[in-house]
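Data first, discussion second: the structure below is written as structure tokens.
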Amino acid sequence: MNAQYPITLLYDAACPVCSLEMDHLRQRDAAGRLRFIDIAAPGFDAAPWGTTHAALDAELHAVCADGRVLIGMPALRAAYAAVGLGWVMAASGFGPLSPLADAAYRIFARHRRGISRAAAPLIGALRSWRARRTHARMARCQAGACRLDEDGG
């Protein structure tokens with residue numbers, strides 16, 4: 001691990017879109033570079049993080065091992081890079097796209113609860129599909145050993 005890792009992500013698990021995204025990152029985090037803290041958990045206190053709950057609720061926050069705090073799109077870019085998917089977010093950090101991506105993220109963050117309500121059927125279907133895929137992969141395991149095949153299972 002370098003000075004950046006682990007990265008602690010402070011996210012709202014009560015937001016279905018946010019929770020779905022963090023689940024995806026958690027599944028991809030084979031190197032253990034990410035830590036996840038649910039700011040919606042009972043008893044969560046923002047003070048030790050040097051901010052307010054309202055600030056954490058407004059945008060995703062990431063705290064790097066060296067103490068740097070990344071907020072919004074920079075936090076997402078760092079999280080994706082940590083799990084080997086940096087290329088997915090790379091364009092959002094370049095030139096004129098960066099302020100546009102940052103603004104789009106802030107709009108999403110402000111309206112994420114409504115977006116989550118509207119996307120609930122899709123989120124439910126995606127969660128079911130992921131669960132079936134995981135179950136099928138686990139079913140191929142015998143005596144604690146799994147064979148790898150073309151789909152990565």
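Since every read-out is calculated from the coordinates, none of them should be taken as a lab result. Just so we're clear, the structure is a prediction, and the values are computed from it rather than from any experiment. Glycine gets a Cβ as well: all are built from the backbone with ideal geometry, and neighbour counts include every protein chain shown.
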For this session: Grab the alpha carbons of segment 57-116, take their convex hull, and tell me the volume per residue in Å³.
Result: 94
Problem set entry | Rounded if a/c under 1.5, otherwise prolate or oblate - segment 1-84, Cα gyration tensor axes | oblate
Problem set entry | Under 10 Å, Cβ to Cβ, from Ala78 - net charge with Lys/Arg +1 and Asp/Glu -1 | +3
Problem set entry | Computed label-point distance, nm, for sites Val88 and Ala58 using a 7 Å Cα→Cβ extension | 2.7
Exercise. Under the definition of Cα pairs under 8 Å and six or more residues apart, what whole-number percent is the relative contact order of segment 1-143?
Worked result: 25
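Could you give the length gained by full extension between Ala131 and Ala118, i.e. 0.36 nm per residue of separation minus their alpha carbon distance, to one decimal place? The partial results should precede the final answer.
Values: separation 13, 0.36 × 13 = 4.68 nm, distance 2.16 nm.
Taking Ala131 through Ala118 to full extension adds about 2.5 nm, to one decimal.
Mind ranking 70-77, 85-92 by how tightly packed they are, going by the mean number of other C-beta atoms within 10 angstrom, highest first? Each step should come with its number before you reach the end.
Values: 70-77: 21.0, 85-92: 13.8.
Highest mean packing first, the order is 70-77, 85-92.
Quote to one decimal, in nm, the extra length available between Ala47 and Arg106 on full extension: 0.36 nm per residue of separation minus the C-alpha distance between them.
Details: separation 59, 0.36 × 59 = 21.24 nm, distance 2.28 nm.
Here the segment from Ala47 to Arg106 would lengthen by 19.0 nm.
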For this session: Counting other beta carbons within 10 Å of each Cβ, put Asp102, Asp12, Asp45 in order, fewest first.
Result: Asp45, Asp102, Asp12
Seminar exercise, completed: With 0.36 nm assigned to each residue of separation and the Cα-Cα distance removed, Ala65 to Arg28 gains 11.4 nm
Seminar exercise, completed: The answer for the net charge of residues other than Ala120 whose Cβ lies under 12 angstrom from its Cβ, with Lys and Arg +1 and Asp and Glu -1, is +3
Exercise. If you find the alpha carbon centre of segment 80-109 and of segment 16-37, how far apart are they in angstrom?
Worked result: 17
For this session: State, in angstrom, two size descriptors of the chain derived from its alpha carbons: Rg to one decimal place and Dmax to the nearest whole number.
Result: 16.9, 53
